[in-house]
Amino acid sequence: MMYHRLRVTRVIEETPDAHSLVLSVPPDLAPTFAYRPGQYLTLRVPHSHGIAARCYSLSSSPYTETDLKITVKRVPDGPASNWICDHIRVGAALELMPPAGTFTPASLDDDLLLLAGGSGITPVMSIIKAVLAGGRGRLALVYANRDQGSVIFAAELAALSEQHRDRLSVIHWLDSERGTPEPATLATLITPWAGREAYVCGPAPFVAVAHDTLQRAGVPANRIRVERFEVEERRSADDRDATLEVELDGQTHRLPWPAGARLLDVLIAAGLNAPFSCRQGHCGACACRLLDGQVDLVHNEILEEEDFAEGYTLACQAVARSEQVSVTYY
């Protein structure tokens with residue numbers, strides 16, 4: 001995939017820590033940036049080591065908006081999110097890949113149960129607007145935040161729930177009032193909708209609680225869809241700068257691999273057409289073989305011991321643990 005330049009036409013301060021960027025799509029790129037609700041865009045942003053690739057979910061809906069909208073929430077010490085919130089203004093041109101991702105409903109006519117934590121509301125909002133405008137499905141949303149001031153899209157959610165009282169139920173969970181969500185407590189809230197397919201999005205701790213909650217409520221594992229919002233990489237004591245050698249598309253490339261960066265981000269930032277899909281460590285589309293060196297996986301739900309024995313690793317989750325790393329996609 002290649003990057004395309006899109007112009008920012010509007011910057012919306014959703015909360016003090018979250019900004020939405022509205023992006024205009026030129027007519028000739030309209031087919032390229034056609035998307036399904038729940039998908040994301042990969043954005044190139046400046047990094048201390050050059051350019052980094054970051055994924056941000058679309059909060060717009062193809063059924064209600066002509067322009068694209070991504071929503072970015074600041075992460076403490078997060079280089080990408082803070083750079084976007086501090087520097088992007090109307091008129092800026094951003095380099096983005098076409099939409100990707102599988103966190104999207106098969107039908108807009110299905111009844112859904114949605115659980116979101118913090119900025120995890122972003123793709124969920126896209127799904128909500130799409131279902132209400134383009135389908136017949138009924139929706140129940142449980143949305144967890146630190147406090148009232150942290151609720152992204154608060155006014156928009158209120159307006160939608162008022163407009164679609166018979167199809168959209170919204171329950172806000174505020175830590176400041178109820179404490180941190182726990183499975184036993186959340187399970188009682190979602191019981192009326194436990195028969196629906198569930199979509200969960202948010203930081204890893206929230207996803208773990210939500211998943212446990214759904215299991216307690218009797219939702220089958222094959223009816224739980226998850227999108228994790230991982231925290232931006234920060235250096236740890238084990239992180240180290242490395243040199244990467246990668247065999248891809250018939251060529252061998254040598255690239256600097258900054259400490260703490262994911263392998264897939266390194267490849268995308270270098271303009272290489274590496275395969276990927278979910279970027280969450282649970283689909284295997286980005287799998288490659290480790291020929292030399294050592295890596296750690298931040299998250300893994302797909303590879304098993306026999307895969308590791310054959311040298312396979314996940315580019316979207318791999319962090320360098322040796323000064324020289326060599327991988328191949330053959």
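The values are calculated or read from the model by the stated rules, or taken from the named source; none is laboratory data. These figures come from a predicted structure and were not determined experimentally. Heads up, the Cβs are rebuilt from the backbone with ideal geometry, glycines too, and the neighbour counts pull from every protein chain shown.
Quick one: is Glu310 in contact (Cβ under 8 Å) with a residue 40 or more places away in the chain and surrounded by fewer than 14 Cβ atoms within 10 Å (Cβ to Cβ)? When the stated conditions are applied, Glu310 does not pass them. Under the condition of being under 22 Å from Val72 (Cβ atoms), small (Gly, Ala, Ser) and in a helix (DSSP H, G or I), the residues counted in segment 172-207 number 1. Of all residue pairs spaced 6 or more apart or on separate chains, those with beta-carbon atoms under 6 Å, a first member in segment 257-281 that is aromatic (Phe, Trp, Tyr) and a second member that is not in a loop (DSSP other than H, G, I, E, B) are Trp257/Ala242; Trp257/Leu244; Trp257/Val266; Trp257/Ala320; Phe276/Leu264.
Residue under question is Val75, and the condition is that it be modelled with pLDDT of 95 or more and either closer than 30 Å to Thr185 by Cβ or β-branched (Val, Ile, Thr) (or both); does it hold? The answer is no for Val75.
Return the total of residues in segment 47-62 being in a loop (DSSP other than H, G, I, E, B) and either within 18 Å of Gly120 (Cβ to Cβ) or without any contact (Cβ under 8 Å) to a residue 60 or more places away in the chain (or both). Residues that pass the stated criteria total 3. Among the residues examined, Pro37 qualifies as crowded, with 17+ Cβ neighbours inside 10 Å, at pLDDT 95 or above and either among the β-branched types (Val, Ile, Thr) or outside the structural domain of Cys286 (by TED's automatic domain parsing) (or both). Ala320 meets the stated requirement of being under 22 Å from Cys55 (Cβ atoms), aliphatic (A, V, I, L, M) and more than 21 Å from the chain's Cα centre (by Cα).
For segment 12-24, the tally of residues that are surrounded by 15 or more Cβ atoms within 10 Å (Cβ to Cβ) and in contact with a strand residue (DSSP E or B) (Cβ under 6 Å, 6 or more places away or on another chain) stands at 8. Go through segment 63-94 and give me each residue that's part of a loop (DSSP other than H, G, I, E, B), under 18 Å from the mean Cα position of the chain (by Cα) and in contact (Cβ under 8 Å) with a residue 24 or more places away in the chain. Within segment 63-94, Arg74, Val75, Gly78 meet the criteria.
Within segment 114-171, being among the basic types (Lys, Arg) and either under 23 Å from the mean Cα position of the chain (by Cα) or assigned to a helix (DSSP H, G or I) (or both) holds for Lys129, Arg146. Ala184 meets the conditions (1) among the small types (Gly, Ala, Ser); (2) more than 19 Å from Val226 (Cα to Cα); (3) at pLDDT 95 or above in every case but one. The failed one is (3). The conditions are (1) farther than 28 Å from Gly260 by Cβ; (2) crowded, with 19+ Cβ neighbours inside 10 Å, and Ala106 fails exactly one of them. Which is it? Here Ala106 clears every test but (2). Residues that are among the aliphatic types (A, V, I, L, M) number at least 3 in the following strands (runs of 3 or more DSSP E) confined to segment 248-330: 287-292, 318-320. Among the residues making up segment 24-38, those that are closer than 26 Å to Ala106 by Cα and either free of Cβ contacts under 8 Å to residues at least 24 places away in the same chain or aliphatic (A, V, I, L, M) (or both) are Val25, Leu29, Ala30, Pro31, Ala34.
The residues on offer are Arg10, Arg44, and the sole one that is among the charged types (D, E, K, R) and under 18 Å from Met125 (Cβ atoms) is Arg10.
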